[in-house]
Structure formats: C-alpha cells, structure tokens
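The values are calculated or read from the model by the stated rules, or taken from the named source; none is laboratory data. Just so it is clear, the model here is predicted, and its values are computed rather than measured. All Cβ positions, even for glycine, are placed from backbone atoms using ideal geometry, and neighbour counts span all protein chains on display.
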Amino acid sequence: MAESASGFGDGTRCVHGGHGDSRPGAPLAPGPVFAAPYHLGDPGADFYGRAGNPSWRALETAIGELDGGECVLLPSGMAAISTVLRALLRPGDGLLVPSDGYYATRQFVHEELAGLDLRVREVPTPGPWTDELFDGVRLVLLETPSNPGLDVCDIAELATRAHRAGALLAVDNTTATPLGQRPLELGADLSLASDTKALTGHSDVLLGHVSTADAELAARLRRARTLSGSIPGPFETWLAHRSLGTLDLRLARQAENAAALVEALRGHPAVRGLRWPGSPQDPAHEAARAQMRRWGGVFRFELADAAAVEEFVRRSSLVVAATSFGGLHSTVDRRAQWGDPVPPGFVRFSAGCEDRADLVSDVLAALG
C-alpha cells in the first residue's frame, strides 16, 4: 500500500483523518454540530451556520489530506461541479468538457450556463487532444476514468498543455476516489468528486467536494459556497466522516470482486464490450496504471438489449438495479435510460462488498 508524505498509509489516514482533538475527556469521534448562529467573539471564529461549521472542517481536513490540498465540502457532486463552473467562468470563456463523462455535467453547462455564451468544446476522454482545442480556453474539465465508459486520459500531460494555454485544469475524480488517484499531484488545479459514491459508500448520503492546492482558489470556492447557500448538512457530513474510516477496506474488497467478475465474464457468450481499467487486457490499462494508485470496483459491459439487462437483474439474488455506484451492494445501471450515448444493453456494474465466490456464482447464474 502506498504511503502519504506523512508516512501513514491509506487505511491509517482514512481512520484518523480529521479526528485531531485528543484531550482527555474529548469524544473519540465528535458528533455533528447543528448550530445556526454562534456566540459572537473572536475574529475568524464561527458566527453563522451558512459560513462555517466544525463538522465540515473535520471532514475537509480528512479529505484534503487524502487529496493533497485544501478541501471545500459541498452538498452533492453536482454542487461541486456547478460551484467550480460558476466561480471560475465568465461570459465568453472557453470550456472543455468530456463528451463521454457524466451526462448531467453537459446538461448543466448547456442549460444552466447558457446565458454566459461560453465557447464549449466536448472531447472524448481518450482524445484526440489537438493543440487547437486549448486555444482561448479558461477551464479544462476531465473525468478519468470516465463515467460510464471507463476510458482514461493522461492528467499530467493535459495539465501541462492547459497551463501552457493559460487555462486551469479540473478533474472529476469520482470513479477513482482519492485513494485511487491524486490529480493534484499530477498537476491538476482542482480535484472534485461526488462523495455520494465510493467515498461514503453506504448509499445513504448525498455529498461532494472540491480540493485544490491553491489557497486563493479554495477561498473563492468557500465564498461561492457561502453566497450561494449550497452547503452540506451537518448530519450528512458526520455520516460521511464516519463512513470514510472504512474506505480503504471497502475499496480493496470492491476491487477484488471486480477483478474476479471481469475474469469470470471474459469470453462469456452473453457479454461484450467488457471494460475495467484494472485488467491488463483493457486498452486503458497502461495509461491508468501510470497515474492510478489502485483500482476500484466499477466496470462495464453490454448485454444484447434492455430486456436482457432486465432479465439479468430479475434472475440475480444479489445484484440490484440502481443509478449510483461505489456502495456496499453490487448494482447495475443501464445507462441508456438516462440519456448517455451508449447501446440499450450497456450496463455500468458496481461491485459491492459481498463475498467474492457468492457474487461470481450469482452473476454467472443470472446470465444463464
């Protein structure tokens, strides 16, 4: 297991991150703070719940250490994306977004930001990334591995090219998680994620975050959060912090299950288009291995059509249909139903934390 600059490994940082108060009598795991107003006093102290909360800061400390920067917590992954876009873009700016990434990001850009007259260019994650794409661009938004296709691009190279063109580079790191990939160390200006997925991992919290090594950028994002009122709830924040402690364990089990399922499905007559960056046979494997620290539990494949996916779910005892990923339960999501440009039988499979033998047996039986 790779270690951080502090010398502690992933599991230790997940368990101990943000729990800094070791005074005798202090709770081992502090509870959520629900205050709206605070007693006024020292400059810099909390004064109003929309501007600051100790529960936020505890989790931000933990996630920021994993990401390698300052973390700004938001109430969802889309809140993280929309806050970055609204805070950084001005009318007429150029923007690069992935054409094969999360569909709601493109919807937000084209519908909610239409009044900015942005010059939007959509690029597939694997490219081609021509020099002309970067001309006049203010922000480059990547998603690698992409959702749902799981393609990969070179973060370090694209960060260098973006900076050369005077642009900032942000990476949606939801699929990889901070344990799987550290975009800030690869040159990205911002790393953001939907923490609803693997980071919290129990399918019971909506949350997101943005991390940056640039203190000025972090301050701008916090101010945007305060002014917009797009703030996370203290209870949700506390639940997420509690869940973060097992991220290392959950991710390891999910990756083991994904590897076993991919191996079992390879060559299966009902399955085509099988992709998982962790597989040496995957076309994105070498690029992913160069920048990722470990693998996750999400892979993809195609069945014959929508009816075949429905029948697969019906026959399975362990796999359920759900539109999130990274949780304890194994799920499939037929992505065409949400508007992704994929075949009707395309599924994103999120391997959960079930016993490996049980899961492989169930999936093979459900396929018939």
**Asked** Which one of the conditions (1) part of a helix (DSSP H, G or I); (2) within 16 Å of the chain's Cα centre (by Cα) does residue 97 fail to meet, given that it meets all the rest?
**Response** (1)
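Would you point out which residue out of 258, 322 is closer than 23 Å to residue 174 by Cβ, at pLDDT 95 or above and surrounded by fewer than 22 Cβ atoms within 10 Å (Cβ to Cβ)?
Values: 258 fails: surrounded by fewer than 22 Cβ atoms within 10 Å (Cβ to Cβ).
Checking each option against the conditions leaves just 322.
Results for (1) surrounded by fewer than 24 Cβ atoms within 10 Å (Cβ to Cβ); (2) out of contact with any Cys (no Cβ under 6 Å at 6 or more places or on another chain); (3) touching a residue at least 60 places away in the same chain (Cβ under 8 Å), shown as yes or no for each residue.
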position	(1), (2), (3)
127	yes, yes, no
168	yes, yes, yes
176	no, yes, yes
194	no, yes, yes
201	no, yes, yes
205	yes, yes, no
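Within segment 200-224, count every residue that is within 25 Å of residue 168 (Cα to Cα) and either part of a strand (DSSP E or B) or under 19 Å from the mean Cα position of the chain (by Cα) (or both).
Count: 9.
Quickly run through segment 36-50 and pick out the residues that are in a loop (DSSP other than H, G, I, E, B) and exposed (fewer than 13 other Cβ atoms within 10 Å of the Cβ).
From segment 36-50, those in a loop (DSSP other than H, G, I, E, B) are 36, 38-47, 49-50; that's our starting set.
Selection gives 36, 39, 40, 41, 42, 43, 44, 45.
Scanning segment 310-356 for residues that are basic (Lys, Arg) and not in a helix (DSSP H, G or I), which turns out nearest to residue 275 (Cα to Cα)?
Filtering segment 310-356 down to residues basic (Lys, Arg) leaves 314-315, 334-335, 348, 356.
Imposing the further condition that a residue be not in a helix (DSSP H, G or I) reduces the set to 334, 348.
Numbers: 334: 15, 348: 10 Å.
Ranking the candidates gives 348 first.
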**Prompt:** So is residue 148 over 28 Å from residue 14 (Cβ atoms), outside the structural domain of residue 278 (by TED's automatic domain parsing) and assigned to a loop (DSSP other than H, G, I, E, B) or not?
**Reply:** no
**Message:** For segment 231-287, which positions are within 25 Å of residue 62 (Cα to Cα) and of a type in the set (Gly, Ala, Ser)?
**Reply:** 233, 240, 243, 245, 252, 255
**Item:** Top-ranked residue in segment 83-106 [being under 22 Å from residue 228 (Cβ atoms) and in contact (Cβ under 8 Å) with a residue 60 or more places away in the chain; ranked as surrounded by the most Cβ atoms within 10 Å (Cβ to Cβ)]
**Value:** 84
**Asked** Of 289, 293, 300, which residue is in contact with a strand residue (DSSP E or B) (Cβ under 9 Å, 6 or more places away or on another chain), among the basic types (Lys, Arg) and not assigned by TED's automatic domain parsing to the domain that holds residue 17?
**Response** 300
**Message:** Out of everything in segment 1-34 that is in a loop (DSSP other than H, G, I, E, B) and touching a strand residue (DSSP E or B) at 6+ places or on another chain (Cβ under 9 Å), what residue ends up being modelled with the highest pLDDT?
**Reply:** 2
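Across segment 290-309, what is the number of residues that are closer than 22 Å to residue 250 by Cα and part of a loop (DSSP other than H, G, I, E, B)?
Number satisfying all stated conditions: 6.
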**Message:** If I filter segment 349-368 down to residues being over 23 Å from residue 248 (Cβ atoms) and not β-branched (Val, Ile, Thr), which single residue comes out as farthest from the chain's Cα centre (by Cα)?
**Reply:** 368
**Request:** Exactly one condition in (1) under 17 Å from the mean Cα position of the chain (by Cα); (2) assigned to a loop (DSSP other than H, G, I, E, B); (3) over 15 Å from residue 84 (Cα atoms) is not met by residue 188; state its number.
**Result:** (3)
